[in-house]
Amino acid sequence: MAGRIEDYALIGDLETAALIGRDGTIDWLCLPRLDSQAVFAALLGTEDNGSWSIGPADSSGQSPTADRRAYRGDSLLLESEWDTPTGTLRVTDFMPPRGGGAPRLIRIVEAVRGTVTAVSTLRLRFDYGKVVPWVQRTDDDRVRAVAGPHAVWLDTEAETHGEALTTRSCVTLAEGERMAFALSWHPSYAGPPDSLDTDQALQMQEDTAKFWADWASHCAYNGPYRDAVIRSLITLKALTNPLTGGIVAAATTSLPEEIGGVRNWDYRYVWLRDAAITMSCLLRAGYRDEARAWRDWLLRAVAGDPENLQIMYGIAGEREMPETTLSWLTGYENSTPVRIGNGAANQRQLDVYGEVIEALLLAAHLGLERDEPSNTLLIELVQFVEANWREPDKGIWESRGPDRHFVHSKVMAWVAVDCAIKLIEGGHAEGPLDHWRLLRDTIHQDVCENGYDPDRNTFTQFYGSWELDAALLLIPQVGFLPADDERVIGTVEAIQRELSTPDGFLRRYPTEGDNVGNDGLAGDEGAFLVCAFWLADDLAMIGRVDEARDLFERLLALRNDVGLLAEEWDSHQQRQVGNYPQAYSHIGIVDAALSLENPIQRRPLAIVSTPR
């Protein structure tokens, strides 16, 4: 049975990732990429859908919970320790960056004290737990599992045997002894990947630790929340593909927004919005290489065709990601359907233009060299915004209900034009400056007239609506209005009053009572964590810094023992829900930490460009 979402730690090689429970069981791993089929899918089903446990021998046959676990320094090497009657066992899990080689998952068992026996139970299942592979021992004493085009190889000096479609090992170690288990993926029709012994695995362990320590050392933030910021940045880096530049929204699919509910989506893709904001976050923290790679990814994905811009793409810029369900999986805690692919890819979401152009502006402001193809793209994106900003859309939350004139979408259309103007004014681009200034003012006036409720002193979710939307908290952060504007303060206070959960976090928008079905979906959802981070940003900007800091620290307390957050928080069950770890939530940590350090502006370019 899968653990709670917050029971899992993440390891990864920047191209894929695995989730490891507190008991040392890997319940989720897709190979060779994050959006490939899973070979361990117990997270969304049962252990028979694929898992790999390593831990001390236990007479009950169950893997006991580790007594301690932590990442080694600023890295993605996870160390778990069990105290047993005869000694202490440590398992170090990591995935070395590939450098063009095969993806590898390495698990090193070590007797830290006394004499300990470690048991490995490996259940490989291909195609998201559906296919049992053909497993055989090769002449060079390696274990090879094959299903169709995929092959996984197990290298270990421990003796292995097959039992009930499972590969088992049992090894006894004296104090100071170590032994490696290495799992490698390779196409089944190609030659085998290089074998790996324990000495080579130990060297890879040191190289991987150095890689992460070197990367983390470039962080520009040295404030009081540095540990939380570094862990969040490492998590964002783990979701950033170094070959393509694509930045995925989360490492999983179909972890529910409500336990037992139907709001279960595949987040292993590159949302333009999420990726642009991730890129901006990394830039502000001092990381330019990732920003340059994402800009190149963007140009390839859009391919000179902004009229057919999608709101999300595959990791390499693929356009097709049809949404299907996996009927053989029972779902996380019986939350079905389990989906792969995402039907929201073809939605119209006007806000993405603003996020993309704002990211390009920040990149230029922080010294990324001028790029003519991106300048051409900028012009075409703004021209599209000009022709379409008056149209309704699905909005930032990807409503599966009717198109509406969402206020946040209109605000971000304004941001698209505003940032384009700033790029021109700064000499980073060329365009019809006076014409776009007039367009910017027109959009601003339209939003203030149609998206604002003067009786309640708040902006609303969409034109003519009564409902609120936590995305409205971004109004001062993007510079649409100054933080001290009474309409901003009124909106912040209304959202805090009407969308707060009992423990003071925020829902995105109402999903209960008369509002059920407004987003086209049944059921409820948890508090959306990034919205509470936005609230902390806003509270700091309007001068309520102590309240902002208190909220921020309560949000940090929701992280699990290794510093990770999912998409949402279930206030009733007091647990994390939604896909995991979620880029948006970790962006929220970094941005709020920066905002508390300098509450004048979260985004340094978000100066108000229109009259109040």
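The values are calculated or read from the model by the stated rules, or taken from the named source; none is laboratory data. The shown structure was predicted, so the numbers you read here are calculated from the model rather than taken from an experiment. Cβ coordinates were reconstructed from backbone atoms using ideal geometry, including for glycine residues, and neighbour counts include every protein chain displayed.
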Considering the range 75-115 alone, what residues qualify as being in contact with a helix residue (DSSP H, G or I) (Cβ under 7 Å, 6 or more places away or on another chain) and either in a loop (DSSP other than H, G, I, E, B) or hydroxyl-bearing (Ser, Thr, Tyr) (or both)? Ser75, Leu76, Leu77, Thr92, Pro96, Pro97
Filtered residues of the range 463-479 (kept if closer than 24 Å to Met541 by Cα and either in contact with a Gly (Cβ under 9 Å, 6 or more places away or on another chain) or of a type in the set (A, V, I, L, M, F, W, C) (or both)): Leu468, Asp469, Ala470, Ala471, Leu472, Leu473, Leu474, Ile475, Val478
Which members of the range 459-480 meet the condition of being buried (at least 22 other Cβ atoms within 10 Å of the Cβ) and either modelled with pLDDT under 95 or not aromatic (Phe, Trp, Tyr) (or both)? Gln461, Leu468, Asp469, Ala470, Ala471, Leu472, Leu473, Leu474, Ile475, Pro476, Val478, Gly479
Residues in the range 148-184 that are of a type outside the set (Gly, Ala, Ser) and in a loop (DSSP other than H, G, I, E, B) total 8
Of Val248, Val262, the only residue that is closer than 30 Å to Asn334 by Cβ and modelled with pLDDT under 95 is Val262
Need pairs with beta-carbon distance below 6 Å; first residue closer than 14 Å to Pro103 by Cα and in contact (Cβ under 8 Å) with a residue 40 or more places away in the chain and within the range 190-204, second outside any loop (DSSP other than H, G, I, E, B) and of a type in the set (Asp, Glu); sequence gap 6+ or separate chains. Ser195/Asp155; Leu196/Asp155
Only one of (1) among the polar types (S, T, N, Q); (2) within 24 Å of the chain's Cα centre (by Cα); (3) assigned to a loop (DSSP other than H, G, I, E, B) does not apply to Gln62, and that is (2)
Restricting the range 23-56 to residues that are in a loop (DSSP other than H, G, I, E, B) and without any contact (Cβ under 8 Å) to a residue 60 or more places away in the chain, which is farthest from Thr253 (Cα to Cα)? Asp23
